[in-house]
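First the structure, in the form of structure tokens, and then the observations on it.
The values are calculated or read from the model by the stated rules, or taken from the named source; none is laboratory data. As the structure is a computational prediction, the values presented were derived from the model and not from experiment. No Cβ is skipped: glycine too gets one built from the backbone with ideal geometry, and neighbour counts run over all protein chains shown. Areas reflect the complete protein model, heavy atoms only, side chains present, ligands, DNA and RNA absent. Shrake-Rupley method; radii C 1.70, N 1.55, O 1.52, S 1.80 Å.
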Amino acid sequence: MANSDRTPARNLAVLGLLAAVLYAAKLAMAWMPNIEPVSLLVMVYISVLGWRALLPIYAYILLEITTWGFGYWSACYLYVWLILAAAARLLRRMESSLGWAALSGGFGLCFGALCALTYWASGGWAFALSWWISGIPFDVLHCAGNFVMALALFQPCRKLLRRLAGPLAVQ
């Protein structure tokens, strides 16, 4: 079998492993409230792999739903990670660690408001607003954790993924 014949299988295996990394990293840090590596990894994956990164992102979401069941939080996962992915795709050429940290921190701060949309759809504005306001302390933690993690790890993770992704990496 020629090397080019194995490329699609290799690429699919790499994308599957990236989904597993997302899931395992989230589980490893689950004991800390709203401190998670998923935002960082979504930005890294999208900046290196382009829209192909949606496969591991949505595989991760499927693993989360399979593990924890389907609820309001899982409905919002279907669009909030896409919002971060789209923002990271727009900024993919940015080299500033501070810029990536600001994007990640801002996303963490807005996470509760973005998720409140599912609560609005199910229970109205009062329900969504009360849910969002009660979660603001967690959004602040999410913001701080995302900011620090991206500031310290975005560039090294992106460099590593560019090297490991090989033909999957988008120029």
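The rows are residues; the columns are (1) in contact with a helix residue (DSSP H, G or I) (Cβ under 8 Å, 6 or more places away or on another chain); (2) at pLDDT below 95.
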position: 7; (1), (2): yes, yes
position: 18; (1), (2): yes, no
position: 24; (1), (2): no, no
position: 33; (1), (2): yes, yes
position: 38; (1), (2): yes, no
position: 43; (1), (2): yes, no
position: 56; (1), (2): yes, no
Legend entry - Residues of region 124-139 satisfying the condition of being in contact (Cβ under 8 Å) with a residue 24 or more places away in the chain and surrounded by fewer than 17 Cβ atoms within 10 Å (Cβ to Cβ): 136, 138
Legend entry - Single unsatisfied condition, residue 153 versus (1) surrounded by fewer than 17 Cβ atoms within 10 Å (Cβ to Cβ); (2) touching a residue at least 40 places away in the same chain (Cβ under 8 Å): (1)
Inset, instruction - Write out, first by first residue and then by second, each pair whose Cβ atoms fall under 7 Å of each other, whose residues are 6+ apart or on separate chains, and whose first residue, in region 9-21, is open to solvent by 50 Å² or more (accessible area, probe 1.4 Å) while the second is not in a helix (DSSP H, G or I). - result: none
Inset, instruction - Would you check if residue 121 is farther than 28 Å from residue 46 by Cα and either in contact with a Lys or Arg (Cβ under 8 Å, 6 or more places away or on another chain) or open to solvent by 60 Å² or more (accessible area, probe 1.4 Å) (or both)? - result: yes
Legend entry - Checklist (1) under 15 Å from the mean Cα position of the chain (by Cα); (2) open to solvent by 10 Å² or more (accessible area, probe 1.4 Å); (3) not polar (S, T, N, Q) applied to residue 31, failing item: (1)
Inset, instruction - Report whether or not residue 103 is farther than 19 Å from residue 27 by Cα and surrounded by 19 or more Cβ atoms within 10 Å (Cβ to Cβ). - result: yes
